[in-house]
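> Before I ask anything, here is the structure I am working with.
Every number in this text was worked out from the coordinates using simple rules, so none of it is lab data. All figures in this text were calculated on a predicted structure; none of them were measured in a lab. Every residue, glycine as well, gets a Cβ built from its backbone with ideal geometry; the counts of neighbours run over all protein chains shown.
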C-alpha cells in the first residue's frame with residue numbers, strides 16, 4: 001500500500017513489529033537466565049578440563065618422585081637380585097618418561113614461556129643426572145659397590161624430584177590464575193602430592209643411612225628428621241582435613257588409610273631402622289624398600305582420589321547448570337513459539353506466496369529458470385500466476401537447451417575441422433592456424449623451437465602388401481607411439497598421407513636431435529600394428545628456429561623438408577639436422 005507522501009507501508013511490517021516487541025521482552029528475561037546458567041556451566045567445564053590436566057601434571061611429578069623406589073632397590077640389590085631390580089628400574093623409567101611426555105603435550109603453552117621452558121630444561125637435566133648417578137652405583141658389582149656412590153645417586157634423584165615439584169608448582173600456579181575457583185582443590189591435591197613425595201624422600205634418607213659409613217649417618221638422619229617435620233606439617237595443616245573440603249566417604253576412608261599405613265606403620269618402621277640399624281648397616285636397604293614402599297600406596301590413592309572427586313563435583317555442578325540452562329531455554333522458546341505461531345499462519349497463507357512470486361520473477365529475469373520446489377498456495381489468483389511462470393520457465397528452458405545443443409555442435413564441427421579423422425592428430429590447416437601464435441610466444445619468452453618433418457619409410461609397400469586398412473592401422477599406431485614419446489607442450493600433426501610434423505619447445509639443437517633419435521628408435525623397435533606385429537622406420541628432417549628469428553613457417557618448413565629428403569636419400573631410418581654427415585649418421 002502506498003500512503004500519501006510516497007512512503008511504502010506494508011501490513012506485514014506491522015504484524016512483525018508486534019511480534020518482535022513481545023519476543024524481545026521474552027528474550028531479555030529468558031536470555032538473562034540462560035546466560036547466567038551458561039556461564040556456570042562453562043566455568044565448571046573449564047574447571048573439569050583444568051583438573052584433568054592437573055591430574056596429568058601430578059602424575060608426572062609423582063612418577064619422578066616414585067622412581068626413587070626402584071632406583072634405591074637397584075642400588076642396594078646384591079648381584080643375585082640385580083637383573084630383576086634393574087628390569088624393574090627400566091620399566092619404571094619408561095613409565096616416568098611417558099608421564100612426562102603426556103605432561104609436556106598437555107601444558108605445551110605454559111612450557112613455551114620463559115619460566116616454563118627453563119623449569120622443564122632443569123627437570124630434564126636433573127633427571128638425566130640422577131639416572132646417571134643411580135646407574136654408576138647400581139652397575140658396580142655388589143662386593144665393590146661404594147656407599148658414597150649410592151648416596152650420590154639418592155641425592156641426585158632428590159634433586160630431580162625437587163625440580164619436578166618446582167615445575168608442578170609453576171604449572172599449578174598458572175592453573176589457579178586461570179580458574180581461581182579451584183584454588184582449594186588444587187592446593188589440597190598439591191599437598192597430597194607433596195606428602196607422597198616427602199614419604200618417599202624419608203624412606204630414601206633411611207636407605208642412604210643404611211648403606212653409608214657410620215660417620216655419614218648423622219647427615220642423612222638429620223635430613224630424615226627434617227622431612228618427618230614437613231610430613232607432619234602437611235598432614236596436620238592440610239591433608240588430614242581433606243574430607244572437610246571434599247565431603248565424601250571415600251576421601252575420609254583414604255585419609256584414615258594414610259594415617260594407618262604411614263603414620264602407624266611406615267613411619268615407625270623407618271624410625272626403628274634409623275635407631276637400630278644405621279650404625280652397623282645391619283638391615284638390607286632392598287628389604288627396607290620392599291617393606292616401606294607398599295605402605296605409601298594409600299597416599300598415592302588419596303592424591304588421585306582428591307582430583308577424581310573434585311572433577312566429579314565440578315561435573316555434577318556443571319550438569320545441574322546445563323539442566324537449568326535447558327529449562328530456561330525451553331521455557332523461553334515455548335513462549336516465542338506461541339508468539340511466532342500466529343505470525344507464521346499469516347505469512348504462510350499470504351505474505352510468503354507473494355514474496356516467493358517476487359523472488360521467482362527476479363530469478364527468471366536474471367536467467368535462472370530452474371523449476372523451484374512446489375509450495376502450498378492458498379489463494380487461487382496467486383496459484384494462477386505461478387502456473388503462468390511455470391509455462392514461461394519451460395519455454396525459456398527449451399530455448400536454452402536448443403542454444404546449448406547448437407554450441408556443442410559448433411564445438412564438434414570446429415574439432416572435426418582441426419583434427420585428422422584417422423589419427424586424431426592436428427591436421428595441416430589446424431597446424432598452420434597455430435604456428436604464428438606459437439612463434440610469437442617463443443619470441444616473447446626467449447624460447448627456441450625445433451621443427452621436424454618425418455615420413456614413414458616404404459609406406460606404399462605396406463599398403464600394397466597388406467592393404468589400405470592395415471596401412472590406416474599403421475598410421476594410427478605411429479601417431480599414438482610418437483605422441484607417447486613426446487613431452488608435455490610438444491605438438492605433432494599429420495600434414496600428408498604418411499607425413500607428420502613435430503614442433504618441440506624448450507630445446508636446443510642437441511636436445512631436439514636426441515629426442516628425435518628416441519622417437520626413431522622407438523618406431524623401429526615397437527610394433528605399430530597389433531594383428532601382424534608390423535614395425536616401421538621413418539626419416540626425420542629437423543630445423544631449429546632460435547628465439548627472435550625472422551624465419552617464418554614456410555622458410556623453416558622448407559628447411560626441414562629438404563633435410564627429410566636428404567634422410568631418404570641417405571639410406572632412410574635416420575635423423576638429419578644441420579651439418580648432417582652420411583658416414584656418421586650424426587649431426588656435424
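> Taking just the alpha-carbon atoms of segment 428-576, what radius of gyration and Dmax come out, in angstrom?
15.3, 49
> Which FRET efficiency value, to the nearest 0.05, is calculated for residue 366 and residue 508 with the Förster distance at 56 angstrom and r the Cβ-Cβ distance?
The formula returns an efficiency of 0.55 here.
> In percent, what relative contact order does segment 428-576 have, based on Cα pairs under 8 Å that are 6 or more apart in sequence?
Worked out over segment 428-576, it gives 32 percent.
> Compute the orientation-averaged projected area for segment 64-134 from the convex hull of its Cα atoms and round it to one decimal in nm².
Averaged projected area of segment 64-134's Cα convex hull equals 4.7 nm².
> Taking 7 Å along the Cα-to-C-beta vector as the label spot, tell me the residue 218-residue 125 distance in nanometres, rounded to one decimal.
Placing both labels 7 Å beyond Cα along the Cβ direction yields 3.4 nm.
> Hey, quick one: spin label on residue 568, modelled 7 Å out along Cα-Cβ, who in segment 523-547 has an amide N within reach, i.e. under 18 Å?
Residues passing the 18 Å test: 536-543.
> What do you get for the angle between helix 183-211 and the principal long axis of the chain? Use alpha-carbon atoms, 0 to 90 degrees, nearest ten.
70 degrees
> Continuing with this model, one more query. According to a simple spin-label model (label point 7 Å from Cα along Cα-to-Cβ), what is the distance in nm between residue 521 and residue 253?
Here the answer is 8.5 nm between the modelled labels.
> Which FRET efficiency value, to the nearest 0.05, do you get for residue 445 and residue 42 by plugging their Cβ-Cβ distance into 1/(1 + (r/R0)^6) with R0 = 51 Å?
Using R0 = 51 Å, I get an efficiency of 0.25.
> Between 0 and 90 degrees, rounded to the nearest ten: what's the tilt of helix 553-569 against the longest Cα principal axis of the chain?
80 degrees
> May I pose another question? From the C-alpha coordinates alone, can you work out the Kirkwood hydrodynamic radius of segment 72-202, in Å?
Evaluated over segment 72-202, this radius sits at 16.3 Å.
> For segment 239-299, treating each Cα as an identical point scatterer without solvent, what Debye log10 I(q)/I(0) comes out at q = 0.16, 0.19 1/Å?
Ignoring solvent entirely, the Cα scatterers give -0.58, -0.70.
> What label, among (i) 75, 46, 45; (ii) 117, 98, 47; (iii) 202, 75, 62, belongs to Cα extents along the principal axes in Å computed from the structure on display?
Entry (ii).
> Over all alpha-carbon pairs of segment 494-561, lay out the pair-distance distribution in 5 Å bins, whole %, shortest bin first.
3, 13, 21, 23, 17, 10, 6, 3, 1, 0
> While we're on this one: Report the extension gain between residue 169 and residue 399 in nm, rounded to one decimal, defined as 0.36 nm multiplied by the number of residues separating them, less their alpha carbon distance.
75.0 nm
> Now, a different point. What number do you get for segment 152-235 when its Cα radius of gyration is normalised by 2.2 N^0.38 Å, N = residues?
1.30
> Any chance you could run the full-extension gain for residue 87 through residue 470? It's 0.36 nm times the residue separation minus the Cα-Cα distance, nm to one decimal.
129.9 nm
> How far, in degrees from 0 to 90, does helix 214-237 lean away from the longest principal axis of the Cα atoms of the chain, to the nearest 10?
On a 0 to 90 degree scale, this one is about 80.
> Related question: Summing -39500 (n - 2.57) over the DSSP H runs of n ≥ 4 in the chain and dividing by its residue number, what mean residue ellipticity at 222 nm do you reach, to the nearest 500 deg cm²/dmol?
Details: 20 runs with 420 residues, N = 588.
Theoretical 222 nm ellipticity from helices: -25000 deg cm²/dmol.
> Given bins 10 angstrom wide, list per bin the percent of all Cα-Cα distances in segment 21-324, short to long.
In whole percents, the pair-distance histogram is 6, 25, 29, 21, 10, 4, 2, 1, 0, 0.
> Averaging sequence separations of C-alpha pairs under 8 Å and six or more residues apart, then dividing by the length of the chain, give the relative contact order as a whole percent.
For the chain, the relative contact order is 12 percent.
> When Rg is the radius of gyration of the Cα atoms in segment 435-489 and Rh is its Kirkwood radius, what does Rg/Rh come to?
So for segment 435-489, dividing Rg by the Kirkwood Rh gives 1.18.
> Still on this structure: At what distance in nm do the modelled label points of residue 530 and residue 409 sit from each other, each positioned 7 Å from its Cα along Cα→Cβ?
Computed distance between label sites residue 530 and residue 409 equals 3.5 nm.
> To continue, here is another question. Between residue 315 and residue 35, what FRET efficiency follows from the Cβ-Cβ distance if R0 is 30 Å, with the result rounded to 0.05?
In this case the efficiency is close to 0.90.
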